[in-house]
Structures are given as structure tokens and as C-alpha cells.
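Student: Please see the structure below; I have some questions.
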Amino acid sequence: LVSIVDLEGRLVYLNPAGRKMLGMDEVVDLTKHNLREFHDAANVHVVLTEGIPAAIRDGAWSGETEFVALDGHATVTSQVILAHKAPDGTVTFLSTIARDITERKRADAKLRLQSSALNAAADAMIITDRDGTIEWINAAFTGSSGYNEEEALGKNPKDLVKSGVHDQLFYKELWNTILAGRIWHGELTNRRKDGSLCPVAMTVTPVKAAHGEPAHFISISRDLTEERRLEAQFRQAQKMENVGQLAGGIAHDFNNLLTVINGTAELALMQLQAGLPLHEDLQEIRRAGERAA
């Protein structure tokens, strides 16, 4: 958009691109329109209190404003306001050059949203170049590994988190997979900055360049520490349950035996007179059986 306005903001000239942006066909009388009507209140305030005074004072002003067409369609622009002066130095008119940056602003907003989402993700993420040099990390990586951005950027992950648990063949297979352009999934043990070990489930995805070869790698790691702890608790609970069932079965069978022992001893006592040595022996057997039960 290229326009010329007087000091009151009335349109004197508007190029075809400007007419299209503002929704004005060729027959519309420009002099009946003021450039202010194509801005909402907030943008009018910017133009009147910041843009025009700066242009008159300094000769030019640049900034971002939004034009609203006659049909209500909004266009975000990068705008320059120029002040044109007469020979005596007084400003006689203003011209505006505005470039449509709507798509760029949308793309920027999308990138900011994606960046915010990645930083808010619960899983640790890193992006490396083809050689494995770290170019970006998210907040979850800092939280899980203990390394901040300054400590991680420019380093290779093996220099930060390699634990020594896995042999060279393990890492060789990983690299062969991703260098071939395939996604690698697996579990491994990493080392935190404080030296503690951390089991993770990791996915490494190649990001291919235009020629088809991997140019970057995105690694996403999920901390399995809590999961492993819960699994260990579950296994221990299963063991205790099995032990309980075994103990219950043994107690039941043993009780059956004691029932026979105690019952037989009771019957034998009924057939013997008190005071006999055998009577005392049978009573001892019965007392022991009762205690065992």
C-alpha cells in the first residue's frame, strides 16, 4: 500500500494495491475517506500519538499497524510514514508505505505456540545436528538431566548423559538406524549431572533435509524412574501375595494334621485311667498339639 494524505489524514492518493487492501474499487472517491477510518481505535492511537508526531519531528516513522478494510477484513502491516516539507520547512503532506505482513505474523505466532508447547512438554527433548551437537533443549531436559541450556548447547549428548551401562555396539546400532533415516525406539540408562542413573524410554527421529539425508535429530526421552519404582513395588507385592498364599496353604494342611493328632490323643485319653504314665504322655501330646494349632 502506498498512500498520500494531507495533515488531517484525508486521502489524496492511493495506489491499486492499497485500494485492494482497503477494499476500495476504482470508482470510490478517495477525498471522501480519511486514513484513520481504516484503523481501529488502538491503531489510530498509535498512528496519531506516535507515528505522525515522530514523522513530523524526524522525517520518518516505522512500526507495525493493522488496517481494516471496508468489508472488515484486517491486514497486519509493516508501515512507514514519511513527512514531506515545503521549502520553508513546514510539513505539507504525509505519505505511507505499508507492506502486508499478516502471514508472517501468523507464522511467527505459530512458531511461538510450537516453541511454548515443546518447552511445556513433560518429556525431555533435544535437537542435534547430524554430528550430534546439541542445538536446542526444552525445560524438561534441564529438569531431568540437571544441565541448563548454557551447559548443554554445543555439547554432544554422550558427553553429558552417557552412563557407561551400555556397550559400544548398543550406540553403534542406534546411530546406524538414525543415519539411515529410520526412527529409533528403545530403553537405555542415562546419567544425570549429579552422577545418578536414570532409566529412560527414548525415541530419536531424523529430520531430513531437501536432499533426503538426515540433517538433524530430535530425541524425546521419558523418565522411567517412577515407573520402575512402581514396577518393583508391584513385583514385591506379588511376591508377598504368593508367600501369603503359600503360608495359608501350609497352615491349612498343617491344621488338618493337627486335627488328627489332637483328636486321636483325646480319644486315647478317654480310654486310659488318670495317673498312668501313658496318660500323662498323651496329655503332653494334646497340649503340644493345641499350642501348635
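The values are calculated or read from the model by the stated rules, or taken from the named source; none is laboratory data. All figures in this text were calculated on a predicted structure; none of them were measured in a lab. Counting neighbours? That spans all protein chains shown, and the Cβs are built from the backbone with ideal geometry, glycine included. Surface areas here come from the heavy atoms of the whole protein model, side chains and all, with no ligands, DNA or RNA. Shrake-Rupley method; radii C 1.70, N 1.55, O 1.52, S 1.80 Å.
Student: Can you tell me which residues in the range 54-78 are part of a helix (DSSP H, G or I) and exposed (fewer than 13 other Cβ atoms within 10 Å of the Cβ)?
Tutor: Scanning the range 54-78 gives Arg57, Asp58.
Student: Just one of (1) touching a Lys or Arg at 6+ places or on another chain (Cβ under 8 Å); (2) open to solvent by 80 Å² or more (accessible area, probe 1.4 Å) trips up Glu8, so point out which.
Tutor: (1)
Yes/no matrix, rows are residues, columns are (1) in contact (Cβ under 8 Å) with a residue 24 or more places away in the chain; (2) under 49 Å from the mean Cα position of the chain (by Cα):
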residue: Ser3; (1), (2): yes, yes
residue: Asn15; (1), (2): no, yes
residue: Met21; (1), (2): yes, yes
residue: Val27; (1), (2): no, no
residue: Glu37; (1), (2): no, yes
residue: Glu64; (1), (2): yes, yes
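Student: Next question, about the same structure. Given Val68, Val44, Val12, which one is under 27 Å from Asp108 (Cα atoms) and in contact with a strand residue (DSSP E or B) (Cβ under 6 Å, 6 or more places away or on another chain)?
Tutor: Val68
Student: Go over the candidates Ala107, Ala54 one by one and state the one that is among the small types (Gly, Ala, Ser) and modelled with pLDDT under 90.
Tutor: Ala107
Student: To continue, here is another question. Among the residues of the range 188-218, which ones are within 18 Å of Ala140 (Cα to Cα) and open to solvent by 60 Å² or more (accessible area, probe 1.4 Å)?
Tutor: Listed by number, the residues that qualify are Arg191, Lys193, Asp194, Leu197.
Student: Which of the residues spanning the range 150-159 are open to solvent by less than 90 Å² (accessible area, probe 1.4 Å) and closer than 23 Å to Leu224 by Cα?
Tutor: Of everything in the range 150-159, those that are open to solvent by less than 90 Å² (accessible area, probe 1.4 Å) and closer than 23 Å to Leu224 by Cα turn out to be Ala152, Asn156, Pro157.
Student: Moving to a separate point now. Has the range 110-129 got any residue that is among the basic types (Lys, Arg), surrounded by 13 or more Cβ atoms within 10 Å (Cβ to Cβ) and either in contact with a strand residue (DSSP E or B) (Cβ under 8 Å, 6 or more places away or on another chain) or free of Cβ contacts under 8 Å to residues at least 24 places away in the same chain (or both)?
Tutor: Looking through the range 110-129, none of the residues is among the basic types (Lys, Arg), surrounded by 13 or more Cβ atoms within 10 Å (Cβ to Cβ) and either in contact with a strand residue (DSSP E or B) (Cβ under 8 Å, 6 or more places away or on another chain) or free of Cβ contacts under 8 Å to residues at least 24 places away in the same chain (or both).
Student: Within the range 216-232, how many residues turn out to be of a type in the set (S, T, N, Q) and either farther than 18 Å from Ser196 by Cβ or in a loop (DSSP other than H, G, I, E, B) (or both)?
Tutor: 1
Student: Only one of Glu213, Glu149, Glu231, Glu187 is under 20 Å from the mean Cα position of the chain (by Cα) and farther than 22 Å from Leu118 by Cβ. Can you tell me which?
Tutor: Just a single option satisfies the conditions, and that option is Glu187.
Student: For the range 179-190, check the following and say yes or no: at least one residue is touching a Pro at 6+ places or on another chain (Cβ under 7 Å), hydrophobic (A, V, I, L, M, F, W, C) and either modelled with pLDDT under 90 or more than 19 Å from Arg222 (Cα to Cα) (or both).
Tutor: Yes - at least one qualifying residue is present in the range 179-190.
Student: Name the residue that is nearest to Ala69 (Cα to Cα), counting only residues in the range 18-58 that are small (Gly, Ala, Ser) and out of contact with any Asp or Glu (no Cβ under 9 Å at 6 or more places or on another chain).
Tutor: The extreme case among them is Gly18.
Student: So, in the range 29-45, how many residues would count as being open to solvent by less than 40 Å² (accessible area, probe 1.4 Å) and either outside any helix (DSSP H, G or I) or under 22 Å from Lys85 (Cα atoms) (or both)?
Tutor: Residues flagged as open to solvent by less than 40 Å² (accessible area, probe 1.4 Å) and either outside any helix (DSSP H, G or I) or under 22 Å from Lys85 (Cα atoms) (or both) within the range 29-45 amount to 4.
Student: I'd like the residue in the range 160-182 that is outside any helix (DSSP H, G or I) and not charged (D, E, K, R) and, out of all such residues, is most open to solvent (accessible area, probe 1.4 Å).
Tutor: Ranking the qualifying residues of the range 160-182, first place goes to Val165.
Student: Moving to a separate point now. Exactly one condition in (1) open to solvent by less than 50 Å² (accessible area, probe 1.4 Å); (2) touching a Phe, Trp or Tyr at 6+ places or on another chain (Cβ under 9 Å) is not met by Ile101; state its number.
Tutor: Going through the list (1) open to solvent by less than 50 Å² (accessible area, probe 1.4 Å); (2) touching a Phe, Trp or Tyr at 6+ places or on another chain (Cβ under 9 Å), Ile101 breaks only (2).
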